[in-house]
Amino acid sequence: MRPSSRRGSAGSLAARPGPTAEAIFSGVLARDGSNVEALRGRGEVLAELGDARGALRDLDRLAPAGQPSVRAARGLAPPAR
């Protein structure tokens, strides 16, 4: 893999869901709570992990959810209980 634009991109982190990706996105959001890429990425990761409330909390903060990855993450998030 080339050390090009993929390093640090939200898409590459969200492609590997887990506590580490979630922690990275959370760290970015701690510094910049309106970072769109981090909100989308953490929402996608939380949806993959089955945390519907957390995923929708982040995804709902985004502008209209027209982006395919946002719509997909919303579909993955199980109904909140």
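The values are calculated or read from the model by the stated rules, or taken from the named source; none is laboratory data. Computed from a predicted structure; not experimentally measured. Positions of Cβ are backbone-derived with ideal geometry, glycine not excepted, and every protein chain shown enters the neighbour counts.
Quick notes on this structure:
- Criterion (in a loop (DSSP other than H, G, I, E, B) and modelled with pLDDT of 90 or more) met by exactly one of 8, 27, 33: 33
- First in segment 20-48 and more than 20 Å from residue 72 (Cβ to Cβ), second anywhere and not in a helix (DSSP H, G or I), Cβ under 8 Å, 6 or more apart: 28/35; 29/35; 34/61
- In segment 38-67, residue nearest to the chain's Cα centre (by Cα) [restricted to those that are at pLDDT 75 or above and more than 17 Å from residue 19 (Cα to Cα)]: 59
- Just so you know, in segment 12-22 the residues that are part of a helix (DSSP H, G or I) and exposed (fewer than 12 other Cβ atoms within 10 Å of the Cβ) include one that is modelled with the highest pLDDT, and it is 20.
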